[in-house]
Amino acid sequence: MGLIENPKTYTGRDLETIFFRPMFSGQNAEELGIRVMYNMPVPTTVQMWSPRSNLLKSYTPGWNGGDSALRQQKRIDLKKIKAEVGFSASDYFQQVYELIVGRADVNLDDLTGSELEQAETEMFRASIAESLRTLMWIGDTTMDSFNLINGFYTLSKRYVEEINGPAVNSVDVEITAENVVDLLQKMWSVAPLELKALKADGHLAFYVTTDIYDAYEQYLDSRSGDSAYVDLVTGRRELMYHGIKIVDTGVMKALAERGDEVTTHCLLTDSRNLTLAVNTSDYPGSEVRMWYNPDVMENRQRAIFMAGAEILDENLMVVAFF
């Protein structure tokens, strides 16, 4: 059996292809429900182009042209962050060994070093992905925890206050199955026309906390009809309101643990408007390292990289805080 205490270090190209990129590509990126930018130059600047809606003119001789599209740009500031985890040797082995046992293609009588490496890499990668997912939603640099970057909920509230944008605020109302549809309809009714025009693209979504998600599911369960009964018994793969996805961000527990006064959030926007930027190549010291410390008999893991989140167009959203 390969020794679990063999040190492993990912840097440069290995850091990108083996450790980080699988978290932010393919199905994993789709599960995040947002736009992910990986290893763009730091600071990351996003160029946004929108076509003019009134480009056509009556024909006249000569040149009468101009730009065919409007250009805006948004800067995403990235911050250097790290993750460090330490386990006792016995606890660490049990966790990694459990991942290996669950695979049908593994010969338990001949575990090679690569099998162990894949298992411990996957364990650490999953922990970082979940922490980063929570941070990108509720991150707030003014708080005591989850304060490395500002997340989408924090940014959306700030931008709405700055531009006096559309918002639904009511601290005295509890979201229930009886009023959840009123909330969604009110948010849609005050949405900017530019946002409503994007509905046909299929990327609009209500990003909600679990209480809103559960209330809407209970509302659907209360509807009469065969389809409602089937959904009640078998469940629903995803919820939608008038063709718009409802996505549970799963951050209520973290908000409560942090002691936030506001734990109910709803953000209506285009998924392409929410951007998470991750960089592992533009500064020295980026690495993922896993090693065994014999002095304290502890297996340790460390990851160092850069990350940042941004809402590209603050005019293309509606927020609700309760």
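The values are calculated or read from the model by the stated rules, or taken from the named source; none is laboratory data. None of these values were measured; they are calculated from a predicted model. Neighbour counts run over all protein chains shown; Cβ positions are idealised from the backbone, glycine included. Please note that ligands, DNA and RNA were not included when accessible areas were found on the heavy atoms of the full protein model with its side chains. Shrake-Rupley method; radii C 1.70, N 1.55, O 1.52, S 1.80 Å.
Computed quantities for the displayed model
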quantity	calculated
Heavy atoms of Ser224: accessible area, 1.4 Å probe, square angstrom to 10	110 Å²
Cβ-defined net charge surrounding Asn39, 9 Å radius [Lys, Arg +1; Asp, Glu -1]	-1
Charge sum, other residues only, whose C-beta stays under 11 Å from Met317's C-beta, Lys/Arg counted +1 and Asp/Glu -1	-3
Accessible area in square angstrom per residue, segment 125-213, 1.4 angstrom probe	49 Å²
Net length gained if the chain between Glu298 and Asp221 were fully extended (0.36 nm per residue, minus Cα distance)	22.8 nm
Apportionment of accessible area to carbon and sulfur, segment 176-322, percent (1.4 Å)	50 percent
Packing rank of 297-309, 264-276, 210-222, 148-160, where each peptide gets the mean count of other beta carbons within 10 Å, highest leading	264-276, 148-160, 297-309, 210-222
Considering only segment 194-322, percent of DSSP beta bridges that pair antiparallel, nearest 5	85 percent
List Phe87, Phe206, ordered by accessible area with a 1.4 Å probe, largest first	Phe87, Phe206
Neighbourhood net charge (12 Å Cβ-Cβ; Lys/Arg +1, Asp/Glu -1) for Ser145	-3
